[in-house]
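Worksheet: the structure to be examined is printed underneath.
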Amino acid sequence: MSVTTIDLNAAGLARDERGERWLFLGLCSPALLVVLLLLCLPIGWIFWLSFVDGQGGLTAENYTRIWTEGAYVAIFATTFRIAALVTGICVLIGYPVAYCLSQLPTRLANILMLCVLVPFWTSLLVRTYAWLVLLQRKGLVNTALVDLGIVEKPVPLVHNLTGTVVGMVHIMLPFLVLPLYASMKTIDGSYLRAASNLGASPPRVFWQIFFPLSLPGLMAGLVLTFILCIGFYITPAVLGGGKVQMIAQRIENSVNLYPTWGPASALGVVLLVLTVLALWLSHWGIKRWRCRVGLA
Amino acid sequence: MSNTRTLHAGHAVPVTIERLSKHYGAVRALDEVSLGVEPGEFVTLLGPSGSGKTTLLMAIAGFTRPTSGSIRIAKQEVVRLPPHKRDVGMVFQNYALFPHMTVGDNIAYPLKLRGVAREKRAAEVARVLELVHLAGYGERRVDQLSGGQRQRIALARAIVFEPRILLMDEPLSALDKQLRERMQIEIRRLHDRLGTTTISVTHDQREALTMADRVAVLHLGRLMQYEAPRALYERPANRFVAEFIGESDFLPVEVAGGTARFAGRPLALAEAPAAAGSYELLLRPEKLVLANGAAPAAGVNRFSGRLRDAVFQGESLLLTLSVEGHEIHARLPNRHLGGTTALEPGAELSLDLHAADSRLVAREVKA
């Protein structure tokens, strides 16, 4: 009696569960296929190419060149410096924006959010060339500066570090603001009211309560921005005018410069490894920090 | 340090709210509410959602700016004072314990803001933790606490800086029923020990009756009645209060020539009706008793009707009786009834109401 009760419908129910699992796998399979074909395979291939010399033999020369030739190290240094600079400026500009948006009534915040999103939806190339037009010698910015008597003659704003950073900050800002805003929205207003009730003045409420609670979101946006900056190609290429070289441009140069794919592939692999390393480091850092302050 | 020390030895302050209004467009969340709280008194604001009770509490704390009116704490006008300068402790509905601080840091936060030295802070934290029966929990993280423990920590944080008054916004609503009932007693005991003037908000009438010295019943932004729990229950000022607090049925009563009549028969009442007119007789189910067949004694009103149903509810039996076309309820304690009457639907029953348990309220014209 008890045996039949336990077995009642067991086989059919187990089959239903298996069927459901296959269904989910089936739903994921197109995406899995794309990732496999267009991401995993090409990366594996580039990894392989980076170890192949002109004659088709195996070599580590492509990597040793990166370490021994000073130019490469300098380019990596420039890349990380610019990425850090752009991320830093994005934080300075983006944090107040996200803060204001998070504190405004939802309706108003949604409208203002469009101001962040509309540029985000505009083509990257369009925005980059727009900056080229604005910042050039006879562009709107220089003309205005001269006409207002702030400078005597046009200042070089483009084809240098300034132009690169201005353009990149503009492109990157939404990547910082969006995750930051999303996380700020989850900070319960009652924490701020509680702090105020306990005697904290508005600046203290911000620095002792709101800011610490917004740090996970800030870190998420910061990491996203930084990593996107490291591999950025178009904007630095156009606005830097070849004078400011970041890794992505160097990879493109290597493709044209060398007869084989090896050197460019090796640079790509190094960039990928550094990016993954940065990502891992930040995740580890956030996790440690969250554990320490009890947000885990 | 002795934990029997009273924080507010003789320092309890009065709170006076005068003609406080808060308008949101055409909506009056608070409509000319005036309320006085004696030093050391425990007052509960009770009302359904939208009654304005939370708005009133938030106005006292400084989080809602009223449209007009006055709030005085210890004779000081605070209506325009920002919340951080009001020196008012508050227990939030969701407790609002800072998730990035330990329990100890949470409690020490108001002391830190007041520049209390580290050693003194630690001692004070230990003292209030003991007061809320959570000694040794200082190092815990907030997310390691149960709901009831969070409630106590929120309370500890609100009293550690010895605020002038203590506010509580639905302090027990997130707890399960058993814990809630225990905490009601515990909070009341803590209040008696500290002596701090306390104002709490609840929609739970039992909580209000259990904890408060006086209960202010609010409805649609207006103060309906402000009295001690017993008076509120026994002598509700109007039909709203009678319905909102406890179980109630109403029978239409006409008063003429100093005599109240229901369905043409005169009623024996505790208080003589003030003026002729239409009233309603308030019937509390637990005040009705099953008639034993003999004629009603003097001062007892008898209501006879047909039993619609008898529902077993554990500690009591809830009878629904149809009397002259009106449905009334009686709650009989669950004990041997002596086989007087079969409690089967359709049976003819009589219920007795003693004159001392009677209360008339003005009849309200239904919109």
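Rounded to the nearest whole Hz, the Karplus-based 3J(HN,Hα) values (6.51 cos²θ - 1.76 cosθ + 1.60, θ = phi - 60°) of region A:65-71 follow the sequence 4, 4, 6, 7, 7, x, 3, with x at glycine and proline.
Which of the chymotrypsin sites (Phe, Trp or Tyr not before Pro) across region A:212-248 are loop residues per DSSP, with 15 or fewer other Cβ within 10 Å? Walk me through the numbers on the way to the answer.
Working: sites: A:F226, A:F232, A:Y233; in loops: A:F232, A:Y233.
For chymotrypsin sites (Phe, Trp or Tyr not before Pro) across region A:212-248 that sit outside H, G, I, E and B with at most 15 neighbouring Cβ atoms in 10 Å, the list reads A:Y233.
In chain A, which longest range has no GluC sites (Glu not before Pro) that are both DSSP loop (not H, G, I, E or B) and surrounded by at most 14 other Cβ atoms within 10 Å? Could the numbers behind the result be given before it?
Working: sites that count: A:E69, A:E152.
Free of exposed loop sites, the longest segment is A:153-296.
Based on DSSP, what percent of beta bridges with both residues in region B:15-239 are antiparallel, to the nearest 5? Around 55 percent antiparallel, to the nearest 5.
Rounded to the nearest Hz, the phi-derived 3J(HN,Hα) couplings of region A:123-133 under the Karplus curve 6.51 cos²θ - 1.76 cosθ + 1.60 (θ = phi - 60°) are 4, 4, 5, 4, 5, 5, 5, 4, 5, 4, 5, where x marks glycine and proline.
Taking amide H positions as modeled 1.01 Å from N, with prolines and chain starts lacking one, the residues under 5 Å from B:L218 and 5 or more places away or on another chain are B:L46, B:G47, B:M224.
Write down the percent of antiparallel bridges among all DSSP beta bridges whose residues are both part of the protein assembly as shown, to the nearest 5.
Numbers: 59 of 77 bridges.
The antiparallel proportion sits near 75 percent.
Amide H contacts of B:I165 (H built 1.01 Å from N, in plane; Pro and chain starts excluded): B:G89 sit under 5 Å, all sequence-distant by 5 or more or on other chains. Of all segments of chain B bounded by GluC sites (Glu not before Pro) found in a DSSP loop with no more than 14 other C-beta atoms within 10 Å, the longest spans B:1-138. Within region B:1-110, the trypsin sites (Lys or Arg not before Pro) that combine a DSSP coil assignment with at most 11 other C-beta atoms in a 10 angstrom radius are B:R5, B:K75, B:R80.
Along region B:272-283 the Karplus relation, 6.51 cos²θ - 1.76 cosθ + 1.60 evaluated at θ = phi - 60°, assigns HN-Hα couplings of 5, x, 5, 9, 5, x, 9, 10, 10, 8, 7, 10 Hz to successive residues, with x for each Gly and Pro.
Classify region A:69-293 as rounded, prolate or oblate, taking a ≥ b ≥ c as the square roots of the eigenvalues of its Cα gyration tensor: rounded when a/c is under 1.5, otherwise prolate if a/b is larger than b/c and oblate if not. Could you put the intermediate results ahead of the total?
Numbers: a/c = 2.44, a/b = 1.40, b/c = 1.75.
Note, shape of region A:69-293 comes out oblate.
Answer rounded, prolate or oblate for region B:170-300, using the Cα gyration tensor with square roots of eigenvalues a ≥ b ≥ c: rounded when a/c is under 1.5, else prolate when a/b is larger than b/c, else oblate.
Details: a/c = 2.76, a/b = 1.99, b/c = 1.38.
Prolate, since a/c reaches 1.5 and a/b exceeds b/c.
For the protein assembly as shown, lysine pairs with C-alpha atoms less than 20 angstrom apart, excluding pairs fewer than eight positions apart on the same chain, total 6.
What is region A:218-274 by shape, rounded, prolate or oblate, if you read a ≥ b ≥ c off the alpha carbon gyration tensor as root eigenvalues and call it rounded for a/c under 1.5, prolate for a/b larger than b/c, and oblate otherwise? Could you put the intermediate results ahead of the total?
Values: a/c = 4.01, a/b = 1.50, b/c = 2.68.
Oblate shape, in that a/c is at least 1.5 and b/c is the bigger or equal ratio.
Rounded to the nearest 20 debye, the dipole magnitude of chain A is 740 debye, with +1 charges on Lys and Arg beta carbons, -1 on Asp and Glu beta carbons, and the Cα centre as origin.
Summarising the amide proton neighbourhood of A:T260: residues at separation of 5 or more, or on other chains, whose placed amide H is nearer than 5 Å comprise an empty set.
Readers should treat all values here as calculations from the given coordinates under stated rules, not as data from a laboratory. Since we're looking at a predicted model, the values are computed, not measured. Note: ideal-geometry Cβ built from the backbone for every residue, glycine included; neighbour counts use all protein chains shown.
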